[in-house]
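Colleague: Structure in structure tokens, see below.
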Amino acid sequence: MAIKKVELTATQKDGYTIETKARNFVSIVDQPLAMGGKDLGPTPLEYLFVSLAGCIITIGHIIARQQNLPIRNISVRMEGDLDTDVLMGKSTAVRAGFSGIKVITTIDADMTKEEKEKFLHAVDARCPISDNIASITPLEFVVE
């Protein structure tokens, strides 16, 4: 079993602006102007979609190479709905997260629709981000 530890630090910079560091990369998380942010980067919810889309395309590329599949390109579009009353503290009647996430995938390949669906199922089964979203992953919150 090959275990890989993934680490990230995030620090509030100003208001809703957050600087994250992973390996040698810095990313900015922010909120739109209408929410009181400076609109300097995607929101945490958008980064969740970025993570999932990036993982799907990466795992798709790995599987295509391993199985010598004729895939030229993979693109992903996502959408999801959530009740913002929960995150704004106005309600606890529903969950805080998305009620569902739709992943619309376009696969440019000389494959039938059934072959593409089988391929996408294999990608989903191997995508760590998809697994973390679909399955319960224990979270441990520690105060230093």
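The values are calculated or read from the model by the stated rules, or taken from the named source; none is laboratory data. The model shown is predicted, which means the values in this text are computed figures rather than measured ones. When we count neighbours, we look across all protein chains shown, and the Cβ atoms used for this are built from the backbone with ideal geometry, even at glycine.
Colleague: Among the numbered criteria (1) in a loop (DSSP other than H, G, I, E, B); (2) in contact with a strand residue (DSSP E or B) (Cβ under 7 Å, 6 or more places away or on another chain); (3) of a type outside the set (K, R), which single criterion is violated by M1?
Modeller: Unmet condition: (2).
Colleague: Also, I was wondering about something else. Of the numbered conditions (1) modelled with pLDDT of 95 or more; (2) exposed (fewer than 14 other Cβ atoms within 10 Å of the Cβ); (3) not in a strand (DSSP E or B), S91 fails exactly one; give the number of that condition.
Modeller: Only one criterion is unmet by S91, namely (1).
Colleague: Out of the stretch 2-59, which residues are on the phi > 0 side of the Ramachandran plot and surrounded by fewer than 14 Cβ atoms within 10 Å (Cβ to Cβ)?
Modeller: Result: G15, R23, G36.
Colleague: Next question, about the same structure. Tally time: how many residues in the stretch 60-77 are surrounded by 12 or more Cβ atoms within 10 Å (Cβ to Cβ) and touching a strand residue (DSSP E or B) at 6+ places or on another chain (Cβ under 6 Å)?
Modeller: 6
Colleague: Which condition from (1) modelled with pLDDT of 95 or more; (2) of a type in the set (V, I, T); (3) out of contact with any His (no Cβ under 8 Å at 6 or more places or on another chain); (4) surrounded by 12 or more Cβ atoms within 10 Å (Cβ to Cβ) is the one that V86 breaks?
Modeller: Looking at each condition in turn, V86 falls short on (1).
Colleague: Mind listing whichever residues of the stretch 1-29 are under 26 Å from D131 (Cα atoms) and touching a Gly at 6+ places or on another chain (Cβ under 6 Å)?
Modeller: I28, V29
Colleague: Restricting to the stretch 114-137, count the residues that are more than 17 Å from the chain's Cα centre (by Cα) and either basic (K, R) or not assigned by TED's automatic domain parsing to the domain that holds R77 (or both).
Modeller: Final tally of qualifying residues: 2.
Colleague: Exactly one condition in (1) under 25 Å from A125 (Cβ atoms); (2) touching a Ser or Thr at 6+ places or on another chain (Cβ under 6 Å) is not met by A64; state its number.
Modeller: For A64, the failing item is (2).
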